[in-house]
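Q: After the structure tokens below, expect a handful of questions from me.
The values are calculated or read from the model by the stated rules, or taken from the named source; none is laboratory data. Note that the structure is predicted; figures quoted are calculated from it, not measured. Here the Cβ positions follow ideal geometry from the backbone for every residue, glycine too, while neighbour counts run over all protein chains shown. Surface areas here come from the heavy atoms of the whole protein model, side chains and all, with no ligands, DNA or RNA. Shrake-Rupley method; radii C 1.70, N 1.55, O 1.52, S 1.80 Å.
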Amino acid sequence: MIDVIVLGAAAGGGFPQWNSAAPGCVAARTRQGAKARTQASLAVSADGKRWFILNASPDLRQQIIDTPALHHQGSLRGTPIQSVVLTCGEIDAITGLLTLREREPFTLMGSDSTLQQLVDNPIFGALDPEIVPRVPLILDEATSLMNKDGVPSGLLLTAFAVPGKAPLYAEAAGSRPDETLGLSITDGKKTLLFIPGCAHITPAIVERVAAADLVFFDGTLWRDDEMIRAGLSPKSGQRMGHVSVNDAGGPVECFTTCEKPHKVLIHINNSNPILFENSPERKEVERTGWTVAEDGMTFRLDTP
């Protein structure tokens, strides 16, 4: 069994973004046709009691408060969070680690590049490595997700590189092959994929998606130039390291023949019209078999 909770579904800045009066953010703020969302993160469990967090968004504290499954029971202090697994070093994937600095043991997992970015920023020293050990992920190698008591959780994690780029704050150093990861989690029978950032969909990614049972995929933008057209930013999706949902080579086109998995769009930017519940774009992605992620959504992969 694999239980999944969507802790957050939005891209960096959340929805609504704090400084935005764009139509989508106004709609979310006034609850008129669009639901607010915190920044993207998942919680995954094999037993519904012990949880593994995929990306630590800046909203993690509120996400924990809003998710009873992540509340501690019993002793004075503790947490059901066993590990945090990072797909990249982007600000919206790592900042929530600072919420977890209260001398609480858990394991922190990420690529060599991402863990080095944490080392290079002294503020993350607040997570004492003697209490929160940092475990490098070996790409394309299955590893058991371990509970804090040293007992295997029953889930196997495989991290794999996907096309992407270095975080904006680290671009001067250039991008490395392990800068952006996808995560595959399986209980041996069912498989979850988490790919919240992807600049280009390769045949290998299509093959992984086709074989999975549940897929969370990069839904940042509807079209590559939408932020430019809206006057929100000079950056395209490609400049930010994200393939766009409805463009040629995007997930709607590339995964159209992947009929096995339940397909979910996550890491959705506040400019993306699929956030409007009755928009033509929302209706189109749903018509093609996609779910638009919302905070608090739950999924269960049962094994016969």
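Q: Can you give me the C-alpha center-to-center distance between the range 260-304 and the range 10-81, rounded to a whole angstrom?
A: Centre-to-centre (Cα) distance: 16 Å.
Q: Right, another one. Straight-line reach from Lys165: which lysines fall under 29 Å, measuring Cα to Cα and dropping same-chain residues less than 8 apart?
A: Answer for Lys165, where 29 Å is the Cα cut-off: Lys235, Lys263, listed by chain and number.
Q: Per residue, how much accessible surface does the chain expose to a 1.4 Å probe? Answer in Å², no decimals. Show your work: numbers first, answer last.
A: Working: 13410 Å² over 304 residues.
Accessible area per residue: 44 Å².
Q: Could I ask something else about it? When every alpha-carbon pair in the range 52-162 is counted, what percent end up more than 16 Å apart?
A: Working: 3605 of 6105 pairs.
Above the 16 Å cut-off, the range 52-162 has 59 percent of its Cα pairs.
Q: Additional query: If r is the Cβ-Cβ distance from Lys235 to Glu259 and R0 is 30 Å, what FRET efficiency results, to the nearest 0.05?
A: Numbers: r = 34 Å, r/R0 = 1.13.
Efficiency computed from Cβ-Cβ geometry: 0.30.
Q: Measure off 7 Å from each Cα along the Cα-to-Cβ vector at Thr303 and Ala211, then give the distance between these two points in nanometres to one decimal.
A: Each label point is offset 7 Å from its Cα along the Cβ direction, giving 1.6 nm.
Q: Can you give the local net charge around Glu130? Use residues other than it whose beta-carbon is closer than 14 angstrom to its beta-carbon, Lys and Arg +1, Asp and Glu -1. Don't jump to the answer; show the numbers that get you there.
A: Values: positive: Arg101, Arg103, Arg134; negative: Glu104, Asp128.
Local charge sum for Glu130: +1.
Q: Okay, next question. As an exercise, use a Förster radius of 41 Å and the Cβ-Cβ distance of Asp225 and Ile65 to find the FRET efficiency, rounded to the nearest 0.05. If you can, show how the numbers build up before the last one.
A: Numbers: r = 37 Å, r/R0 = 0.91.
Taking R0 as 41 Å, the efficiency between Asp225 and Ile65 is 0.65.
Q: Moving on. Report, ordered by chain and residue number, the aspartates and glutamates lying within cross-link reach of Lys49, taken as a straight Cα distance under 15 Å and ignoring same-chain residues fewer than 8 apart.
A: Asp3, Asp149
Q: What relative contact order, as a whole-number percentage, does the chain give when Cα pairs under 8 Å and 6 or more residues apart are counted? Present the calculation step by step, with values, prior to reporting the outcome.
A: Details: 707 pairs, mean separation 58.5, N = 304.
19 percent.
Q: In addition: Which residues in the range 81-111 have a backbone N closer than 19 Å to a point placed 7 Å from the Cα of Met1 along the Cα-to-Cβ line?
A: Label zone hits: 81-82.
Q: Turning to a different aspect of this structure: Which residues' amide hydrogens lie under 5 Å from the amide hydrogen of Ala10, considering only partners 5 or more residues apart or on another chain, with H built in the peptide plane?
A: Thr38, Gln39, Ala40, His267, Ile268
Q: Along the charge dipole of the range 121-260, pointing to its positive end and built from +1/-1 on Cβ of Lys, Arg, Asp and Glu, which listed residue (Pro234, Leu156, Thr186) has its Cα farthest out?
A: Of the candidates, Pro234 comes out farthest on the positive side.
Q: Nearest 500 deg cm²/dmol is fine: what mean residue ellipticity at 222 nm does the chain get from its DSSP H runs of n ≥ 4 alone, each adding -39,500 (n - 2.57), divided by its residue count?
A: Working: 9 runs with 56 residues, N = 304.
Roughly -4500 deg cm²/dmol at 222 nm, from the helical runs in the chain.
Q: Binned at 10 Å from 0, what are the whole-percent values of the Cα-Cα distance distribution for the range 145-304, short to long?
A: All Cα pairs, binned at 10 Å, distribute as 10, 37, 35, 15, 3, 0 percent.
Q: Related question: How far is the Cα center of the range 130-155 from the Cα center of the range 181-202, in Å?
A: 17
Q: Share of the range 118-235's accessible area from carbon and sulfur, percent, 1.4 Å?
A: After summing per-atom areas, the C and S share lands at 58 percent.
Q: Moving on. Using alpha-carbon pairs under 8 Å, 6+ residues apart, how would you state the relative contact order of the range 1-124 in percent? Walk me through the numbers on the way to the answer.
A: Numbers: 219 pairs, mean separation 27.2, N = 124.
Reported as a whole number, the value is 22 percent.
Q: Provide the gained length on full extension for the span Lys49 to Arg29, in nm with one decimal, where the gain is 0.36 nm per separating residue minus the Cα-Cα distance. Write out the running numbers ahead of the final one.
A: Values: separation 20, 0.36 × 20 = 7.20 nm, distance 3.33 nm.
Once the chain is fully extended between Lys49 and Arg29, it gains 3.9 nm.
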